[in-house]
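**Student:** Below: one structure in structure tokens.
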Amino acid sequence: MRALLALVLAVAAGACGSPSGPSYTISGRLVDAETGRPVPRTAIYIHAFDDATKRQVTVDREEDDDSFVLKTTWPVVRLRVADTSNEYRLDERTLTIAGDAWDGTIRLVPTHRVRVHGRVLWRDGTKLRPPSEGDGRVSEAHVYFGRDGGADCTEDGSYSVRLPREKFDILTINTSLSPAQKSLDLSAVKGDEFAFDVILE
């Protein structure tokens, strides 16, 4: 009897519950503003904000997918498309959704930063080793080009970071070793790629 009464109350509560509010769908595709080619979301996060109530919906990065879909419950959205690799500029816009959906193409503007890549290595006598093969002085070493250009290394010391065409001091933290070359000047680099190994000693 108690079980039957509980079931009746649950059904009644569902029937009398408040209806869900409106739902809005935002969808689109990312393309390069200069070439028109699709831009995969490999390093790109898409955020939708309701600034009035501080609500947020986020679409995470996705390998090899240049399209996105997200849903909100508010019709005025601040859409923010952020490329963590710095290949493209931040795109931020306010959308007022007519009806229940917005679908469009977002043209991302390239930064034309230089992709600096190579390896971070430390000098162990006559050998060069990656930080992962170091002791406490180097195993946690991090390298920065200027204060914001952090170079995240893989196990073999490889790194890749996009930097403006400027001159940077090369900084290290979590290690007592220093870079053999103290600065990197990209102001005269013409191409979009620059190979550079950081040697700590």
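Rule-based calculations on the coordinates, nothing more; no lab input. Since this is a predicted model, take the numbers as computed values, not measurements. No Cβ is skipped: glycine too gets one built from the backbone with ideal geometry, and neighbour counts run over all protein chains shown.
**Student:** Within the range 72-100, which residues are surrounded by 13 or more Cβ atoms within 10 Å (Cβ to Cβ) and either over 15 Å from D32 (Cα atoms) or among the aromatic types (F, W, Y) (or both)? Write out each step before concluding.
**Tutor:** Going through the range 72-100, the residues surrounded by 13 or more Cβ atoms within 10 Å (Cβ to Cβ) turn out to be 72-83, 85-89, 91, 95, 97.
Within the range 72-100, T72, T73, W74, P75, V76, V77, R78, L79, R80, Y88, L95, I97 qualify.
**Student:** Still on this model: Quick one: in the range 104-133, of everything that is among the β-branched types (V, I, T) and outside any strand (DSSP E or B), which residue is farthest from the chain's Cα centre (by Cα)? Give the steps one after another, and end with the answer.
**Tutor:** Start the filter on the range 104-133 by keeping residues that are among the β-branched types (V, I, T), which leaves 105-106, 109, 111, 114, 116, 120, 126.
Next, from what is left, pick out any that are outside any strand (DSSP E or B): 109, 111, 126.
Details: V109: 16, T111: 15, T126: 38 Å.
Restricting to residues being among the β-branched types (V, I, T) and outside any strand (DSSP E or B), the top hit is T126.
**Student:** How many of the residues in the range 77-122 are of a type in the set (V, I, T) and closer than 23 Å to G191 by Cβ?
**Tutor:** 6
**Student:** Another question, then. Output the number of the condition that D169 fails; it satisfies all remaining conditions of (1) without any contact (Cβ under 8 Å) to a residue 60 or more places away in the chain; (2) part of a loop (DSSP other than H, G, I, E, B).
**Tutor:** Every listed condition holds for D169 apart from (2).
**Student:** When K190 is evaluated against the numbered criteria (1) of a type in the set (K, R); (2) part of a loop (DSSP other than H, G, I, E, B); (3) surrounded by 15 or more Cβ atoms within 10 Å (Cβ to Cβ), which criterion, by number, is the only one it fails?
**Tutor:** That leaves (3) as the condition not met.
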